[in-house]
Amino acid sequence: MHYRTMPKNGDKLSALGFGCMRLPMLDGEIDEKRAIAQIRAAIDNGVNYVDTAWPYHDGKSEPLLGKALKDGYREKVKVATKLPTWLIKNREDMDTFLNAQLERLDIDHIDYYLIHALSGPSWETIESLGIKDFLNKAVKDGRIVNPGFSFHGLSEDFQPIVDAYPWVFCQIQYNYLDTDFQAGTKGLEYAASKGLGVVIMEPLRGGNLALPTPPPAIADIWGLAETGRTPAEWALRWVWDHPEVTVVLSGMNVEEHISQNLAVAEVAEAGSLSRGELDLVKRAADTYRELMQVGCTGCGYCMPCPTGVQIPTCFDMFNKLHMFGNLAEAKHMYNAFAEGTVLQRRPGFASQCVECGECLEKCPQSIEIPEVLKRVAAELEG
C-alpha cells in the first residue's frame, strides 16, 4: 500500500480508502457479516481511511462501520463521516447530529468530519446557521479532529468555499470523465494550492469505467497499450497519477474487486503514467462521452422515488444500451430489474415518473431526471 501525506497535519493515509456507501446487500439489507469481513480485510491489507455518512444505507452504514471497528480495528484507521446539511434547521441541530453519529459509530471522536454535499447555496445557508462556530467548538472539545467538506456544486462555487474556512481537507468527485464537472481539475489544483488534502469520490464513475468487458470501442483503445491493464486499473491509476490527490475512495463491495484495487494501490504513485498512456486515457474519455447518455453514478441520492421508479437502474440500463448497442439484451435486463422481480415487489419502470420533481432537488449530478426518464421509457419499454 502506498501512503500519501495529508498536508496540514502530516497524517500518512492509504492511497486507497474504503467507502461505505455501497456495502454488500442480502435480502434488501446490508449483508452485515460480509461487509464487516470486507472492511477488516481491507484494513488488514493497509487501508487506514474509512468513509461513511449519515444517510448511507438509510442510516445503517455508520452503525455497521462501528461494529467493524471493534476488536482493535478502531486504532488502525482514521474514520470519516459527514454532517447532513439538508437536515440542519438551526445551530443546535449540528451538535445533535454529531453526537448521534459518535453514538452510532460507538467512538469518542471523528478523525475527518465533512460538511456533506456543499454547493454555493447550501454553503450560504449552513454558514448563516453557524457552521463555523460549530466546527470551532467541536474541534476544541475533541469531538472532531479535522474539519472538511464534500462538494457537489458548480465549478465557480468551489473556490469561495475553500477560502471561507481553514479546512484541513475536501472531498470531490473526480475521474477521467469529470475533469470539467463540479470542482474538476481546476478545483483539485486550487484546493491543493491552499494546502488542503483532497479525497476523491467516484473514481470509477459509479462503476461505469470499471466494466470487466468494456464497450468495444473502449476495448479497442485499451488494446493499443503496451501494458495490459483492466479498465478499473486504468481509471484508478489515472486519478492517482495526480500528486494533488491524497486518498481515493472506492465503493468496492465484492471481494475480488477489493483485492484488485489493493493490488493497484501498491503502485499508486503520482506521475507514473507515460505521455502515451495519458493520451490513451483521453481517447477513452472522449469515446465514453460520445457513448454515454446520462452522467449517473448510481449514488442513489434520488431515491426513494414516490412512484417507485428505480431511477439509477433505469439510467444504468439506458447507458449500457448506448455503450454496447444490444437493444434486445438491454430490454431484457431492463424488464428483469424494473418489473419488480429483482429489486422490489412493485414495478420501477421509467414510465411511472409523474414529474413531481422531488429527485431534481437531490441529484448531485444535476441530471434532468424526468426528461431523461422519458427517453428511457421511449427506448426500452413497449
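Values for this structure:
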item: Index of the failed condition, residue 142 passing every other in (1) in contact with a helix residue (DSSP H, G or I) (Cβ under 9 Å, 6 or more places away or on another chain); (2) not in a helix (DSSP H, G or I); result: (1)
item: Subset tally (residues that are in contact with a Leu (Cβ under 9 Å, 6 or more places away or on another chain) and polar (S, T, N, Q)) for the stretch 92-106; result: 1
item: Residue 236 being open to solvent by less than 40 Å² (accessible area, probe 1.4 Å), in contact (Cβ under 8 Å) with a residue 24 or more places away in the chain and in a strand (DSSP E or B); result: no
item: Filtered residue count, the stretch 5-16, keeping only those that are open to solvent by less than 60 Å² (accessible area, probe 1.4 Å) and touching a helix residue (DSSP H, G or I) at 6+ places or on another chain (Cβ under 9 Å); result: 3
item: Residue check for residue 366: farther than 30 Å from residue 151 by Cβ, of a type in the set (S, T, N, Q) and either touching a helix residue (DSSP H, G or I) at 6+ places or on another chain (Cβ under 6 Å) or open to solvent by 20 Å² or more (accessible area, probe 1.4 Å) (or both); result: no
item: Inter-residue pairs, beta-carbon under 6 Å, first more than 15 Å from residue 85 (Cα to Cα) and open to solvent by 10 Å² or more (accessible area, probe 1.4 Å) and in the stretch 52-67, second modelled with pLDDT under 95 and not charged (D, E, K, R), 6+ apart; result: none
item: Tally of residues being open to solvent by 10 Å² or more (accessible area, probe 1.4 Å), over 20 Å from residue 184 (Cβ atoms) and part of a loop (DSSP other than H, G, I, E, B) across the stretch 244-266; result: 4
item: Matching residues, the stretch 85-133, being under 23 Å from the mean Cα position of the chain (by Cα), in a helix (DSSP H, G or I) and hydroxyl-bearing (Ser, Thr, Tyr); result: 85, 122
item: Candidates 43, 39, 30 - the one that is buried (at least 16 other Cβ atoms within 10 Å of the Cβ), of a type in the set (Val, Ile, Thr) and farther than 23 Å from residue 298 by Cβ; result: 43
item: Out of 211, 278, 236, sole residue that is farther than 27 Å from residue 40 by Cβ and under 18 Å from the mean Cα position of the chain (by Cα); result: 211
item: Search result, residues across the stretch 274-297 that are surrounded by fewer than 18 Cβ atoms within 10 Å (Cβ to Cβ) and assigned to a loop (DSSP other than H, G, I, E, B); result: 274, 293
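The values are calculated or read from the model by the stated rules, or taken from the named source; none is laboratory data. This is a predicted model, so every value here is computed, not measured. Note: ideal-geometry Cβ built from the backbone for every residue, glycine included; neighbour counts use all protein chains shown. Side chains included, ligands, DNA and RNA excluded: accessible areas come from the protein's heavy atoms. Shrake-Rupley method; radii C 1.70, N 1.55, O 1.52, S 1.80 Å.
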